[in-house]
Number of protein chains: 2
Amino acid sequence: MIIDCHGHYTTAPKELEEWRNRQIAGLKDPARAPKASELRISDEELRESIETNQLKKMRERGSDLTIFSPRASFMAHHIGDFNTSAAWAAICNELCARVAGLFPDHFIGAAMLPQSPGVDPRTSIPELEKCVRQYGFVAINLNPDPSGGHWREPPLSDRHWYPIYEKMVELDVPAMIHVSTSCNACFHTTGAHYLNADTTAFMQCLTADLFKDFPTLRFVIPHGGGAVPYHWGRFRGLAQELKKPLLNDHLLHNIFFDTCVYHQPGIDLLTRVIPVDNILFASEMIGAVRGIDPETGFHYDDTRRYIEAAPGLSAADRARICEGNARRVYPRLDAALKARGR
Amino acid sequence: MIIDCHGHYTTAPKELEEWRNRQIAGLKDPARAPKASELRISDEELRESIETNQLKKMRERGSDLTIFSPRASFMAHHIGDFNTSAAWAAICNELCARVAGLFPDHFIGAAMLPQSPGVDPRTSIPELEKCVRQYGFVAINLNPDPSGGHWREPPLSDRHWYPIYEKMVELDVPAMIHVSTSCNACFHTTGAHYLNADTTAFMQCLTADLFKDFPTLRFVIPHGGGAVPYHWGRFRGLAQELKKPLLNDHLLHNIFFDTCVYHQPGIDLLTRVIPVDNILFASEMIGAVRGIDPETGFHYDDTRRYIEAAPGLSAADRARICEGNARRVYPRLDAALKARGR
């Protein structure tokens with residue numbers, strides 16, 4: 001079984017974006033603000049948006065199940081205030097829940113949180129609980145920079161974030177650390193901000209002792225860990241200089257990297273440097289890079305090919321990367337699968 | 001001949017830091033502000049600080065010549081105003097010029113600029129010209145984020161920076177794109193801010209057409225290019241999506257990566273993915289990562305070992321990485337070497 005731990009609903013029907021545009025317009029002119037109930041998308045529309053896109057590609061590429069969350073770049077937590085994000089997150093999460101309900105063999109949800117710059121993360125807990133308890137979601141996406149490229153919140157190791165971590169531990173769900181659109185002109189969203197955030201999050205954990213306070217807390221760092229595996233020697237050396245334990249002991253019980261690295265040499269490095277138990281199969285398909293690589297003739301984001309071709313991985317290693325690790329890191333996913341006899 | 005294109009004067013006598021501390025204190029209390037002439041460091045002190053550190057290691061590791069600039073993390077352009085940076089840059093550059101004068105076979109200068117947040121980069125030109133014309137420096141370090149982790153200047157592709165580029169082209173000197181200390185608590189200086197800046201700078205160039213305006217402008221992106229080579233497929237795919245030419249045509253006539261990647265798998269990836277002509281040997285020794293790697297028994301920053309061991313490089317490739325490319329990218333270095341019969 002192949003579990004893709006990183007999928008976003010990037011192909012939602014256009015009504016969703018139209019609703020969001022009206023919501024944004026309503027920030028200046030409250031008369032234009034839409035109600036949640038004004039968004040109407042039928043099951044048929046949802047089904048089509050998935051069957052002709054994600055599910056089609058999953059079938060072509062041989063993956064079985066995707067952990068599915070709202071479109072990352074559309075979270076845009078920097079827009080409006082808490083109420084703006086709360087209404088938007090509720091709508092986006094509900095759509096993912098409906099997709100998971102329509103395709104229970106192929107999709108299971110992960111929650112976007114209603115974060116907002118400068119707002120206590122505790123305010124995200126009701127939405128988080130609803131998604132896990134009511135919708136059966138198995139993870140959350142946590143944005144370390146709701147300002148959208150200005151980085152004004154405290155580091156992930158700060159007590160500011162602890163209420164979220166306490167709830168994650170209680171519910172036994174991991175967080176993918178995932179930023180959203182950059183509104184800082186210096187940072188291209190998918191070419192700089194995403195990768196920078198991955199590196200930044202890892203280093204925030206490295207310099208701190210967060211996992212002493214939360215030994216069972218689990219973070220998935222997407223996009224192959226940003227710059228981290230490529231600079232693994234640098235990070236090992238920095239940990240040493242800071243008198244931290246070896247990275248395997250200090251961070252790798254709690255931090256995992258996905259395989260959203262869009263060429264063979266990158267995946268070869270990832271699988272050479274990072275222990276197999278810390279690598280989770282993922283593609284973020286129909287995401288940042290949708291084209292066909294002229295050097296291979298296949299889609300850049302068809303990452304399963306790279307895992308298959310990576311030297312030095314045994315069949316058992318591949319099974320852990322593609323399934324076993326996800327069942328361990330996302331226990332609610334494992335439970336849901338077992339409940340369905342899988 | 002082995003040319004290390006990335007060395008900073010991290011071992012300057014302590015009088016330098018003391019002067020800087022007085023300068024910073026003087027920002028609040030002008031009575032405490034020191035004059036430049038109050039910094040007195042003898043040739044003997046300079047000689048000792050180099051012979052027992054950089055030069056000792058260069059001899060041990062077999063490198064011959066280092067392109068030497070003021071300590072990157074001490075540039076701290078965010079402190080004070082233009083006058084603060086101007087006085088500080090002049091002092092730091094002069095020390096590097098004196099080191100190059102004392103050890104002309106082993107060191108040649110690269111200039112720190114007196115950048116300051118929100119200040120027109122044109123103000124850096126007099127110091128730049130002095131360093132190149134008077135001190136014989138062969139390059140500059142350009143800080144794309146003088147705010148120190150808040151990223152408030154325009155991207156490198158913006159006309160804001162063009163006066164610097166015009167002068168670089170006129171003088172035929174490349175710029176290493178190098179940030180300084182982060183004063184944003186989210187970003188660890190050497191573990192996140194440096195690598196993020198490398199990735200950010202590359203993506204700023206990718207989305208723009210800067211090198212159409214300046215076909216001979218040359219940027220060296222340090223620290224192995226941040227996350228870029230590891231995600232080369234992502235960047236190729238993003239360029240494709242943005243209807244840009246292939247990266248080799250779009251950027252690789254103008255952008256070069258150094259080898260400050262502190263483990264074998266990272267250098268193996270760099271040399272597998274990036275054309276040999278775009279890789280410049282460097283170690284940034286006695287810099288961010290000074291320890292000994294317990295996995296190898298050698299210093300993390302002894303990067304020449306990784307170049308020697310990288311598979312798929314011929315002797316001719318290694319010669320280009322270690323010498324030929326530097327002579328091409330830094331023509332004033334080549335001229336200085338030839339003038340000395342090297």
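The values are calculated or read from the model by the stated rules, or taken from the named source; none is laboratory data. Fair warning: this is a prediction, and the values are worked out from it, not measured in the lab. Backbone-built Cβ (ideal geometry, glycine too); neighbour counts: all protein chains shown. The protein model used for the area step is the full one, side chains on, heavy atoms only, and it has no ligands, DNA or RNA in it. Shrake-Rupley method; radii C 1.70, N 1.55, O 1.52, S 1.80 Å.
Overview of results
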{"item": "Close pairs from region B:147-170: first away from chain A (no Cβ under 13 Å), partner open to solvent by 30 Å² or more (accessible area, probe 1.4 Å) and modelled with pLDDT of 95 or more, Cβ under 6 Å, at least 6 apart", "result": "B:163/B:122; B:169/B:216"}
{"item": "Residue count, region B:291-342 (criterion: open to solvent by less than 40 Å² (accessible area, probe 1.4 Å) and acidic (Asp, Glu))", "result": "5"}
{"item": "Criterion violated by residue A:52 - all others in (1) of a type in the set (Val, Ile, Thr); (2) open to solvent by 10 Å² or more (accessible area, probe 1.4 Å); (3) under 20 Å from the mean Cα position of the chain (by Cα) satisfied", "result": "(3)"}
{"item": "Scan of region A:204-227 for residues that are within 18 Å of residue B:291 (Cβ to Cβ) and in contact with a Phe, Trp or Tyr (Cβ under 9 Å, 6 or more places away or on another chain), ordered by number", "result": "A:206"}
{"item": "Segments classed as helices (runs of 4 or more DSSP H), wholly inside region B:199-268, with at least 1 members that are within 12 Å of chain A (Cβ to nearest Cβ) and either open to solvent by 10 Å² or more (accessible area, probe 1.4 Å) or of a type in the set (A, V, I, L, M, F, W, C) (or both)", "result": "B:232-241, B:247-250"}
{"item": "Criterion violated by residue B:37 - all others in (1) hydroxyl-bearing (Ser, Thr, Tyr); (2) surrounded by 14 or more Cβ atoms within 10 Å (Cβ to Cβ); (3) more than 18 Å from residue B:287 (Cβ to Cβ) satisfied", "result": "(2)"}
{"item": "Filtered residues of region B:269-290 (kept if of a type in the set (Val, Ile, Thr), open to solvent by 10 Å² or more (accessible area, probe 1.4 Å) and not in a helix (DSSP H, G or I))", "result": "B:286"}
{"item": "Selection count, region B:144-164, where residues are open to solvent by 30 Å² or more (accessible area, probe 1.4 Å) and not in a helix (DSSP H, G or I)", "result": "5"}
{"item": "Which listed residue is open to solvent by less than 50 Å² (accessible area, probe 1.4 Å) and either within 16 Å of residue A:196 (Cα to Cα) or within 14 Å of another protein chain (Cβ to nearest Cβ) (or both), from B:184, B:141", "result": "B:184"}
{"item": "Selection from region B:306-336 of residues that are part of a helix (DSSP H, G or I), in contact (Cβ under 8 Å) with a residue 24 or more places away in the chain and more than 18 Å from the chain's Cα centre (by Cα)", "result": "B:306, B:307, B:309, B:317, B:320, B:336"}
{"item": "Checklist (1) in contact (Cβ under 8 Å) with a residue 60 or more places away in the chain; (2) away from chain B (no Cβ under 14 Å); (3) under 27 Å from residue A:232 (Cα atoms); (4) part of a helix (DSSP H, G or I) applied to residue A:132, failing item", "result": "(3)"}
{"item": "Selection from region A:115-138 of residues that are of a type in the set (Gly, Ala, Ser) and surrounded by 16 or more Cβ atoms within 10 Å (Cβ to Cβ)", "result": "A:116, A:124, A:136"}
{"item": "Enumeration of residues in region B:20-34 that are open to solvent by less than 90 Å² (accessible area, probe 1.4 Å) and of a type in the set (Lys, Arg)", "result": "B:20"}
{"item": "Meets criteria (touching a helix residue (DSSP H, G or I) at 6+ places or on another chain (Cβ under 8 Å) and surrounded by fewer than 21 Cβ atoms within 10 Å (Cβ to Cβ)) for residue A:102", "result": "yes"}
{"item": "Residue check for residue A:123: at negative phi, polar (S, T, N, Q), in contact (Cβ under 8 Å) with a residue 12 or more places away in the chain and not in a helix (DSSP H, G or I)", "result": "no"}
{"item": "Subset tally (residues that are within 14 Å of another protein chain (Cβ to nearest Cβ) and either closer than 23 Å to residue B:213 by Cβ or not β-branched (Val, Ile, Thr) (or both)) for region B:171-181", "result": "1"}
{"item": "Some residue of region B:170-186 being in a helix (DSSP H, G or I) and over 20 Å from residue A:238 (Cβ atoms)", "result": "yes"}
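A quick yes/no check of all residues on (1) basic (Lys, Arg); (2) under 18 Å from the mean Cα position of the chain (by Cα):
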{"site": "A:56", "(1), (2)": "yes, no"}
{"site": "A:62", "(1), (2)": "no, no"}
{"site": "A:95", "(1), (2)": "no, yes"}
{"site": "A:99", "(1), (2)": "no, yes"}
{"site": "A:108", "(1), (2)": "no, yes"}
